[in-house]
Amino acid sequence: MTLDGSSTVFPISEAVAEEFQKSNQGVNVTVGISGTGGGFQKFCRGEIDIADASRPISASEVEACGKSGIEFIEMPVAYDGIAIAVNPKAAWADKITVAELKTLFAPEAQGQVKKWNQVRASWPDREIHLFGAGVDSGTYDYFTEAIMGKAKASRGDFTSSEDDNVLVQGISNDELALGFLPFGYYEENAARLKLVPVDDEQADNGGGAVLPSPDTIKTGTYQPLSRPVFIYVSKKAADRPEVQKFVEFFMTNAETLVREVNYVGLGPEIYGMVSDRFAKRHTGSVFSGQNTVGVTIDQLLSKERAQ
Amino acid sequence: MRKHADLIFQMVSLSALLVALAALAALVFDIVSDGAGRLSFQFLTSIASRNAEDAGVYHALMGSIWVIALTGALALPIGVAAAIFLEEYGSRSGTARFIELNISNLAAVPSIIYGLLGLGLFVRLMGMGQSVLAGSATLALLALPVVIMSTREALRTVPNSIREGSYALGATKWQTIWNQVLPMAMPGVLTGLILALSRAIGETAPLITIGALTYIPFAPDSIWSKFTVLPIQVFNWVSRPQPEFKANAAAGILVLMVLLLSMNAIAIVVRDRQQRRGRI
Amino acid sequence: MTTRTLEWIIERALFLCAALSVLTTAGIIAVLAIETYEFLREVPVLDFLTGTEWTPLFSNQKFGVLPLVVGTMLVSSIAMVVALPMGLLSAIYLSEYSPSGFRRVVKPVLEILAGVPTVVYGYFALTFVTPLLQQVFPTLSGFNALSPGLVMGLMILPLVSSLSEDAMRAVPQGLREGSYALGATRMQTALRVVVPSAFSGITAAFILAVSRAIGETMIVAIAAGQQPRLTGNPFVPIETMTAYIVQVSLGDTPQGTIEYRTIFAVGMLLFLMTFTLNLISTWLRERFREEYA
């Protein structure tokens, strides 16, 4: 059984796969980290059974799957936040606004914005070393959509890696570093990184700068960088008994395993709704094409039920 | 005055050498101190895991063994055949010289280029996929120049009197080679093969390029399996920032080095046995 | 089938095995050239070779390879600054000064240095050398060019040392003795007689070492970073040509896309660079061998 895709979702899938294989010895489960985009490409070519994704499937990917006759069951599995992290020695980085993030990462910033004080005058007159998720990753897509307003629009001259561990290494070893990475990876490495609260300058959901935490992510006050992450199961693969068992195992143990790897669980009610979807083999996407910035899962799933 | 300059120069050049040796010692010390504590039976028999304490090298070790065995099986016959041709049949013809030039160039091509060749040719064009076979084929190409060059050396050590004696008895060229020359050269051939394989077992870049995965929860069960190898597992662990994985990486390196040193030791023993035998 | 025919068949079969090496070279060139050709149909050669921004994976694609080349050169230069002088001095010591017992012990140890897998050197660079250097240079980034450069120098030192030593040992003893007879010290003999005589061999060794440094992958993939950057500063993250190929290979790039082709275009450039250096080195060694035939 093959899974591939987002490196954000990887820790969750890896945990589930490991636990599953303990009680199901005969089944071989591999989990790759080609990035959300890479995972969908393989998925829509029929090469893998389950795609890990840290963003919803896009319209063009739905089309590609349609062309190859791949039907999918969309299943949110956790909440994640995108954390803005700096080195613990960077005392000046007390908070950051969405507008400032945009200044830093926008396409126009390439080759231009190279120093901290170009973003905020009170910051040091020193180089800034930027790190961020790789371009094949849902984290990257989601971040650029949320901050720049357009997916995949960013500067190209920063250390961009599909492997989030590289980002943690880079930021934790460099005084002048700043980067965006999945909150789960921050939690895992909290001693080595410093979290920067984000101010979205919208009064309606908690004023001021908000730090990501399981709470603020779940309730949606950490905006705009909270999002659901998904697995997409191929309907054909779901007919195989081992795949069905795996997905059911996933749902049953999601809340505990998700918390273990430092992500935020969806809560038993939503997991129930998602399990239901799988049991009924409900294909198609509810999230695709929607801007999931600022929307909670139960709202979307209920919308679907109502239809 | 000159004597002083000479002495100083001698000290300077000796220190250059000693600094290199000291750095090597630092490397060994660093790895042993980081990793020795982690080495255990559990480490060797566990599979990779998200928990550093549970993670082990079993599947990577199996993968390495499969890949090296297959690489040897591919490189030995082809390499020996090529060396026999160049040494016994080739003479100084233009073709032979051209082939020799190719071989010595190939010996110096960066290993990642072999990876690209493997990706384009074995994985994609010939459809082997990201399998043990594709990995071994790629490493076999990498190992061939070394096998060929050391086999030629071994063939050269066989005295001509052996060959002439065989011809005098009416044997054909091939019969001479197969029955007389090759058996005598075998120890040298094997030494060369083992040395080539000990280089191959540490190769990471070409296998990453052809797609050896980093999360493989099973050992290969056929040449068509996906796989991972020890150096790639070490690479994966080094990339993880948690310090517990650093210990794993160091322990993985120790396993790799033990394998490597054993292979080198076997090669040396084989060569010594030959040297004690082969006086005719 | 007569023995004669069998012999003929066997000879042909052996020839084919030998010719495989030619096929391998041809295969490398073909695989690289085909994808590079497709790549160059979309990206003009001049943009590729002289452009200063490398962002092929981003939506704003730029294909100037110079940042990767400069990154490679930066790390390799640091490696050479370590390996060339120290390697040559070690070789001089082993060849001209050392007692044979010492040499017998030291040479195999140097061989071990050369046989250590490069991923081990990468580990050493990231986990030992970088933190150590950060104590001396607090502004040193976790990923930088200095640490892998120094470690790469260490890795290449045995190559320089052993090839230079071979070149020097091939200088006839008579030349040395003549020099000693004239009252020269060992240093004077070494520097004014032996090294100049072995000059082509030593240069060949140096060039081969540079080629090795340029083609090295794992040390830089682990310790140098993944940020293509046109800079001479060894304290910041950079990316080399080889590390870029690894970066893309670790992700998933489908065949036929321009991103896939970039690894072959960069590979082609790398191959041409190292191939040229290797040819020069071989030519020098041939020439050197003739002088003492």
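All of the numbers you see were taken from the coordinates with simple rules; none came from a lab. Everything numeric here is computed off the predicted structure, so don't read it as measured data. Don't worry about glycine lacking a Cβ; one is built from the backbone with ideal geometry, like all the others, and counts go over all protein chains shown.
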Hey, got the Cα dimensions of the stretch C:66-291 along the principal axes, in Å, largest first?
-> 67, 41, 29
Tally Lys and Arg at +1 and Asp and Glu at -1 over the other residues with C-beta under 14 Å from the C-beta of B:I253: what net charge comes out?
-> 0
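How many percent of all Cα-Cα pairs in the stretch B:1-120 sit more than 19 Å apart? Could the numbers behind the result be given before it?
On the way: 5380 of 7140 pairs.
The calculated P(r) of the stretch B:1-120 puts 75 percent of pairs beyond 19 Å.
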Positive-end residue of A:V274, C:P138, B:L182, charge dipole of the protein assembly as shown with Cβ unit charges = B:L182
Could you list the residues of the stretch C:170-198 with an amide nitrogen less than 14 Å from a label point located 7 Å from the Cα of C:F102 in the Cα-to-C-beta direction?
-> C:186-187
Peptide B:228-238: average number of partner chain Cβ atoms within 10 Å per residue?
-> 4
Which whole number gives the average, over all residues in B:165-177, of C-beta atoms from other chains lying within 10 Å of the residue C-beta?
-> 2
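Hey, can you rank C:148-157, A:95-104, B:28-37, A:38-47 by average C-beta count inside 10 Å, highest first? Walk me through the numbers on the way to the answer.
Working: C:148-157: 27.7, A:95-104: 17.9, B:28-37: 15.8, A:38-47: 22.3.
Output ranking for C:148-157, A:95-104, B:28-37, A:38-47: C:148-157, A:38-47, A:95-104, B:28-37.
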What does the highest-first list of C:108-114, B:167-173, B:55-61, A:48-54 look like by mean Cβ count within 10 Å?
-> A:48-54, B:55-61, C:108-114, B:167-173
Report, to the nearest 10°, how far helix B:182-200 tilts away from the longest principal axis of the Cα atoms in chain B, using its own Cα long axis and a range of 0 to 90°.
-> 30
Taking a straight Cα-to-Cα line shorter than 14 Å from B:K246, and setting aside same-chain aspartates and glutamates fewer than 8 residues away, one finds B:D30, B:D34, B:E53, B:D54
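Report relative contact order for chain C in percent, whole number only (criteria: Cα-Cα under 8 Å, sequence separation at least 6). Numbers along the way, then the final one.
Values: 380 pairs, mean separation 75.5, N = 293.
Computed over chain C, the figure is 26 percent.
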Would you list A:R281, C:R176, A:R55, C:R212 from fewest to most Cβ contacts within 10 Å?
-> A:R281, C:R176, C:R212, A:R55
Computed for the protein assembly as shown: size of charge dipole around the Cα centre, +1 on C-beta of each Lys and Arg, -1 on C-beta of each Asp and Glu, debye to nearest 20, value 3000
Restricting to aspartates and glutamates and to Cα separations under 12 Å from A:K102, and discarding same-chain partners fewer than 8 apart, the set is A:E145, A:D200
The relative contact order of chain B, taking Cα pairs under 8 Å that sit 6 or more residues apart, comes to a percentage of 27
How large is the dipole of the stretch B:42-279 about the Cα centre if only Lys and Arg carry +1 and Asp and Glu carry -1, each at its Cβ, rounded to the nearest 20 debye?
-> 500
Please name which of A:I70, A:L257, A:G111 has its Cα lying farthest along the dipole of chain A towards the positive end, using unit charges on Cβ (Lys, Arg +1; Asp, Glu -1) and the Cα centre as origin.
-> A:I70
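In chain C, which helices (entire DSSP H runs) extend 30 Å or more along their own long axis, judged by Cα positions, while averaging at least 1.6 on the Kyte-Doolittle scale? Don't skip to the end; give the middle numbers.
Values: long enough: C:3-42 (57 Å, 0.96); C:66-92 (37 Å, 2.10); C:146-169 (33 Å, 1.02); C:258-291 (50 Å, 0.46).
Correct list, ordered by number: C:66-92.
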Compute the separation of the alpha-carbon centres of the stretch A:154-228 and the stretch C:76-94 and state it in Å as a whole number.
-> 45
Can you give the alpha-carbon Rg of the protein assembly as shown over 2.2 N^0.38 Å, where N counts its residues?
-> 1.02
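At a 10 Å Cβ-Cβ cut-off, how would you order A:H282, B:H4, fewest neighbours first? Don't skip to the end; give the middle numbers.
On the way: A:H282 15, B:H4 9.
Listing A:H282, B:H4 from fewest to most nearby Cβ atoms yields B:H4, A:H282.
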Semi-axes a, b, c in Å (a largest) for chain B, each sqrt of 5 times a Cα gyration tensor eigenvalue, come to 37, 29, 19
How far is helix B:2-35 tilted, in degrees, relative to the longest principal axis of the Cα atoms in chain B, given as a value from 0 to 90 rounded to the nearest 10?
-> 60
Name every cysteine in the protein assembly as shown that ends up alone, with no second cysteine's Cβ under 4.7 Å, or say none.
-> C:C17
For the table A:K67/B:K226; A:K22/A:K235; A:K245/A:K280; A:K42/A:K235, the rows whose alpha-carbon distance is greater than 19 Å are A:K67/B:K226; A:K22/A:K235
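Mind checking the alpha-carbon convex hull of chain A and giving the volume per residue in Å³? All intermediate terms of the calculation are to be shown ahead of the outcome.
On the way: hull volume 37.5 nm³, N = 307.
Roughly 122 Å³ of hull volume per residue.
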Please order A:D4, B:D6, A:D157, B:D272 by the number of other Cβ within 10 Å, starting at the fewest.
-> B:D272, B:D6, A:D157, A:D4
Compactness of the stretch B:112-253 as Cα Rg over 2.2 N^0.38 Å, two decimals | 1.42
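If you put +1 on each Lys and Arg Cβ and -1 on each Asp and Glu Cβ, how big is the dipole of chain C around its Cα centre, in Debye rounded to 20? Present the calculation step by step, with values, prior to reporting the outcome.
Numbers: 17 positive and 19 negative charges, 158 e Å.
Value, rounded to 20: 760 debye.
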Sort out for me the Cα centre separation of the stretch C:1-26 from the stretch A:1-53, rounded to whole Å.
-> 47
Using a 10 Å cut-off on Cβ to Cβ distances, tally the other chain neighbours for every residue of B:29-35 and report the average as a whole number.
-> 2
How big is the gap, in Å, between the Cα center of the stretch A:93-116 and the Cα center of the stretch C:137-185?
-> 47
Report, by chain and number, residues whose modeled amide H sits under 5 Å from the one on C:F63, excluding near sequence neighbours (fewer than 5 apart, same chain).
-> C:T55
